[in-house]
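Notes to accompany the following structure.
The values are calculated or read from the model by the stated rules, or taken from the named source; none is laboratory data. Just so it is clear, the structure is predicted and the values come from calculations on it, not from any experiment. All Cβ positions, even for glycine, are placed from backbone atoms using ideal geometry, and neighbour counts span all protein chains on display.
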Amino acid sequence: MRSPNRGARTALRLVSYASIFLLWVVGARLLGSNVLPGPGETFAFVAREVARGVLFPNLWVTAQRVLSAFAVGMLAGTLLGAAMGLSRRVDDLLQGWLVAALTVPRIVLFVVAYLSIGLSDRALVLALVITIMPTVTVAVREGARALDGSLLEMAMAFRRSRASIWRRVVFPQLTPYLVGTARGALALTWKMVVLGELLGRTSGVGYQISFYFQFFNMTGVLAYGVTMMLLLAVIDLGLMGAIQHYAFRWRAPVKVDAVG
Amino acid sequence: MAELIARGITKSYPNGTATERRAIASVDLHVASGELVCIIGPSGCGKTTLLNVLAGLDSPDAGTVEITGGHGPKPVTSYVFQEPRLLPWSTVSSNLRFVLDARRDTRTLVDGWLERVGLAGRGDDYPRQLSIGQRQRVAVARALIVQPDVLLMDEPFSALDELTASRMRVELLALWSELRCTVVFVTHNPLEAALLADRILVMSPGPGRIVQEIRPADALPRPRDPDDARLWELSRRAVAALRAGAGER
């Protein structure tokens, strides 16, 4: 199958995004603004919330919770995943915990955290960490299991230090798994934080959605929802995409010399 | 330069059943300082196992390895594998720097070695931008940049086309005659062994044992001409020794 050129691919992507927008416009027309407010109405609400000084502080509070949970979850998941991938004993020992963490319904985590720790940021961040950690652990474990033994052997033959082997040989091999899982984990944290805030916090985007939900204000709910979506899209496509591009620059297609 | 002495090396591996497969048995090896010794043997006779034990990558079930001498407080060993084993995410220069101590000023050293192996100006390339022969040159440079007292080479040219391999053998000999490190070179190519070695040690099929020694240094002074008929004669002797070691006539 022939892959389309760069211009065609950009056009197809624009069509993809434009079709979502179009469906929103058509849906709003058909259903009426009480059920589904259109883009104009929604973005006007966003502008009003910004002018009132409500949107950005709430967005910042939510972002802080997301970043804290994401950082802790990624770090803990990476360490656990690496340990499980490199040691059969650790893998067997933590297998039960991993399965339990993967299968527990997410909402139960938030409820239990709020009930046991109290309605606090600590409880919310902890529930978010437990939400993403198993996914990160599984991805990194697979990466650690797939490490190229011949490169490790080479490093040992040259008497490299443990730190040097981790930094120069192991970590680069885990990077594809880390970057892939980081994108997924960030998106999951971003989505779950809204649920957590809705259930038990009095600030943040989730709280604002809950607030407008209580007034059956669909425009308010949609305004905060769309803002979250756009922000995540910018982070994912912009920041995470750039990180991925930088991490894999050595894989870029190149011309190879034909002679020895 | 350093002297390498291995005594009674025996190594077995689990073979999936209750028994173990013995890879090498009671191998004694003495490589004099600055000597280039080739070890030849059929596939699976334990050549790589022996080399890994000498490199300290594998510990033997029995026997000892002793390396004495060298230019530093501890003898430096380095290894050229069958495949280049370069870090694909690091540039050529960075691959060479990887084996050096971080605090040293390495730029001049790295550039110098790249020039010596015919890769001047390729330091910023990634390994995948090089041909397989060029990658193996980087692997040779990586092994030599650490100024090894003992250089272990495991069929380093076997994956190359003959033209590239013959060129690299000549280059290796030039570098060795300059550096004069002790070399243990594993190959399954008797002609290669005849061209390179001071001594050829012939191993029998598993469990590997050293069954015969041939001394090209006695018959052929250096530098050797790859087209010299005497090389073919030595090669035929090595093949005959391999056959005898395998119990063939």
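Of the residues in region A:211-224, at least one is modelled with pLDDT of 90 or more, of a type in the set (Gly, Ala, Ser) and either more than 15 Å from residue A:63 (Cβ to Cβ) or touching a strand residue (DSSP E or B) at 6+ places or on another chain (Cβ under 8 Å) (or both). Inspection of region B:224-240 finds no residue satisfying the criterion of being in contact (Cβ under 8 Å) with a residue 12 or more places away in the chain, buried (at least 16 other Cβ atoms within 10 Å of the Cβ) and touching an Asp or Glu at 6+ places or on another chain (Cβ under 7 Å). Restricting attention to region B:8-31, the residues that are within 19 Å of the chain's Cα centre (by Cα) and exposed (fewer than 15 other Cβ atoms within 10 Å of the Cβ) total 2.
Any residue in region A:248-258 that is modelled with pLDDT under 90, closer than 25 Å to residue A:132 by Cα and either over 18 Å from the mean Cα position of the chain (by Cα) or surrounded by fewer than 16 Cβ atoms within 10 Å (Cβ to Cβ) (or both)?
So far as region A:248-258 goes, yes, one or more of its residues are modelled with pLDDT under 90, closer than 25 Å to residue A:132 by Cα and either over 18 Å from the mean Cα position of the chain (by Cα) or surrounded by fewer than 16 Cβ atoms within 10 Å (Cβ to Cβ) (or both).
Only one of the numbered conditions (1) crowded, with 17+ Cβ neighbours inside 10 Å; (2) within 23 Å of residue A:222 (Cα to Cα) is violated by residue A:35, and that is (1).
Could you check, for region B:111-123, whether at least one of its residues is at the interface with chain A (Cβ under 8 Å from one of its Cβ atoms) and out of contact with any Pro (no Cβ under 9 Å at 6 or more places or on another chain)? No, there is no match, as no residue in region B:111-123 is at the interface with chain A (Cβ under 8 Å from one of its Cβ atoms) and out of contact with any Pro (no Cβ under 9 Å at 6 or more places or on another chain). All conditions in (1) away from chain A (no Cβ under 13 Å); (2) over 25 Å from residue B:178 (Cβ atoms) hold for residue B:52, with the sole exception of (1). Of the residues screened, residue A:102 is not one that is surrounded by 21 or more Cβ atoms within 10 Å (Cβ to Cβ), more than 10 Å from chain B (Cβ to nearest Cβ) and part of a helix (DSSP H, G or I).
Filtering A:119, A:94 for residues that are without any contact (Cβ under 8 Å) to a residue 60 or more places away in the chain and either in contact with a Ser or Thr (Cβ under 9 Å, 6 or more places away or on another chain) or in a helix (DSSP H, G or I) (or both) leaves a single hit, A:94. Filtered by the rule that a residue be modelled with pLDDT under 85, out of contact with any Pro (no Cβ under 9 Å at 6 or more places or on another chain) and on the phi < 0 side of the Ramachandran plot, region B:9-27 gives B:14, B:15, B:17, B:18, B:19. Residues in region A:68-86: is at least one exposed (fewer than 12 other Cβ atoms within 10 Å of the Cβ), touching a residue at least 40 places away in the same chain (Cβ under 8 Å) and not charged (D, E, K, R)? Taking every residue of region A:68-86 in turn, none turns out to be exposed (fewer than 12 other Cβ atoms within 10 Å of the Cβ), touching a residue at least 40 places away in the same chain (Cβ under 8 Å) and not charged (D, E, K, R). Taking region A:138-239 as the region of interest, the helices (runs of 4 or more DSSP H) fully inside it that hold 2 or more residues being within 14 Å of chain B (Cβ to nearest Cβ) are A:149-157, A:162-165, A:171-200. In region A:207-219, of all residues being closer than 19 Å to residue A:37 by Cα and touching a residue at least 60 places away in the same chain (Cβ under 8 Å), the one that is surrounded by the most Cβ atoms within 10 Å (Cβ to Cβ) corresponds to A:208.
Consider region B:68-83. How many of its residues are more than 9 Å from chain A (Cβ to nearest Cβ) and either at pLDDT 95 or above or closer than 11 Å to residue B:135 by Cα (or both)? Number satisfying all stated conditions: 1.
Entry remark, region A:90-128: residues being modelled with pLDDT of 95 or more and of a type in the set (Lys, Arg) number 1 in total. Residue count for region B:37-68 under the criterion of being assigned to a loop (DSSP other than H, G, I, E, B), crowded, with 16+ Cβ neighbours inside 10 Å and free of Cβ contacts under 8 Å to residues at least 40 places away in the same chain: the result is 1.
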